[in-house]
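Colleague: First, the structure itself, so that you have it in front of you.
The values are calculated or read from the model by the stated rules, or taken from the named source; none is laboratory data. All values reported here derive from a predicted model rather than from experimental measurement. Because the Cβ atoms are built from the backbone with ideal geometry, glycine has one as well, and the counts that use them run over all protein chains shown.
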């Protein structure tokens, strides 16, 4: 993706380029008779950001930042929607935790968790 930023304090634009690869693999199984699912997932992402310098200096290449993230963790969700693609009514709750580490293919070590929910109602 090529982007152009127009800073208010400069009289010219600032160009940058994003190159990204993202892969996510998740497996989940139904737990019991209710619609509760649990499983695990692995994700990896690589991003390269190249941007020109604000000051043009002859002989100096553009700045470049490369990062790679690799993480794995559990996922748990409750799915009472009437349809997974175009729900009209129901409830969907999802919680997950991901541990990102160098031994999982990344450059950094950190933790991330999230919880979200959607309620669908047909008036």
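Colleague: When only residues in the range 13-53 that are free of Cβ contacts under 8 Å to residues at least 12 places away in the same chain and surrounded by 10 or more Cβ atoms within 10 Å (Cβ to Cβ) count, which is farthest from residue 105 (Cα to Cα)? So that I can check it myself, show each step before the final result.
Modeller: First, pick out the residues of the range 13-53 that are free of Cβ contacts under 8 Å to residues at least 12 places away in the same chain: 13, 29-33, 53.
Now drop any that are not surrounded by 10 or more Cβ atoms within 10 Å (Cβ to Cβ), which leaves 13, 30-31, 53.
Values: 13: 35, 30: 29, 31: 30, 53: 30 Å.
Restricting to residues being free of Cβ contacts under 8 Å to residues at least 12 places away in the same chain and surrounded by 10 or more Cβ atoms within 10 Å (Cβ to Cβ), the top hit is 13.
Per-residue answers, yes or no, for (1) closer than 30 Å to residue 5 by Cα; (2) under 18 Å from the mean Cα position of the chain (by Cα); (3) at pLDDT 95 or above:
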{"position": "25", "(1), (2), (3)": "no, yes, yes"}
{"position": "32", "(1), (2), (3)": "no, no, no"}
{"position": "44", "(1), (2), (3)": "yes, yes, yes"}
{"position": "54", "(1), (2), (3)": "yes, no, no"}
{"position": "61", "(1), (2), (3)": "yes, no, no"}
{"position": "66", "(1), (2), (3)": "yes, yes, no"}
{"position": "71", "(1), (2), (3)": "no, yes, yes"}
{"position": "95", "(1), (2), (3)": "no, yes, yes"}
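Colleague: Is there any pair linking a residue in the range 103-120 that is at positive phi and surrounded by 12 or more Cβ atoms within 10 Å (Cβ to Cβ) to one that is at pLDDT 95 or above and assigned to a strand (DSSP E or B), with Cβ under 6 Å and at least six apart or on different chains, and which?
Modeller: 105/44; 105/70
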